[in-house]
Each structure stands twice: as C-alpha cells, then as structure tokens.
C-alpha cells in the first residue's frame, strides 16, 4: 500500500470533520469518580523492585572482592601462614591455663 496516499486520505478525512467543543454528559463526574479508586502503592512491590535493582551492584562488588582475595600479596613482614597465626591466637588462653600451676 502506498503510505503517502494513505496519509493524504487520512489528513483529508480529519480536515473534513473538525473537532467540536462538545463534552459528553457527566464527563467530569465520571473522571472524578475514578480518582479515589486508585489502588494504594504496594510497599512490598516497591521493596522487591529496589532489591532487584541492587542485585547487579552487589554481584559486581562480590566478584571484585573475590578476585582481589586470590591476588597474592608480596608482604615480606608476614612470613607465617595466616591460619597458623589465627590458631595460635585462639589457643593462647588455653596454653596459659596449662602453664599456670
């Protein structure tokens, strides 16, 4: 179908029937009657939408921190394994109780 011809026909039909100032009967009352019937905002839906929007940044931060945890550090001051230092710290009080008479 020729779109230019269709456009000309539609414009001619619109010009032949100009809009009027006539308002339907009780139009204002129908509009005002529908205003209070609006539903209140669903708080759980708002929370769900906000949490779903927060998923992507949280996953990105998790991936970055996980990648950084696998990067080896060249800290020469810590010659000891971290797990060994943690275990010694936890068991320090138990060792003190054994040594005391």
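Values in this text are rule-based calculations from the coordinates and carry no lab data. All values reported here derive from a predicted model rather than from experimental measurement. Reconstructed Cβ throughout: ideal geometry from the backbone, glycine too, with neighbour counts over all protein chains shown.
Could you give the nm distance between label points at residue 26 and residue 64, where each point is 7 Å from its Cα heading toward the beta carbon?
Between residue 26 and residue 64, the simple spin-label model gives 6.1 nm.
Rounded to the nearest angstrom and ordered from largest down, what semi-axes does the equivalent ellipsoid of the chain get from its C-alpha gyration tensor (root of 5λ)?
Details: eigenvalues 1204, 152, 11 Å².
Taking √(5λ) for each eigenvalue gives 78, 28, 8 Å, largest first.
Taking Cα atoms, how many degrees apart are the long axis of helix 3-16 and the longest axis of the chain, rounded to 10 and kept between 0 and 90?
So the helix axis and the longest Cα principal axis differ by about 60 degrees.
Just to confirm the number: angle between the C-alpha axis of helix 43-69 and the first principal axis of the chain, 0 to 90 degrees, nearest 10?
On a 0 to 90 degree scale, this one is about 40.
So how much slack lies between residue 3 and residue 88, counting 0.36 nm per residue of separation and subtracting their Cα-Cα distance, in nm? Spell out each step's value before the answer.
Working: separation 85, 0.36 × 85 = 30.60 nm, distance 8.37 nm.
Net length gain for the segment: 22.2 nm.
Helix 82-99 sits at what angle to the longest principal axis of the chain, using alpha carbons and giving 0 to 90 degrees rounded to 10?
50
So for the pair residue 41, residue 17, with labels modelled 7 Å out along Cα→Cβ, what separation do we get in nm?
Those two pseudo-labels are separated by 4.2 nm.
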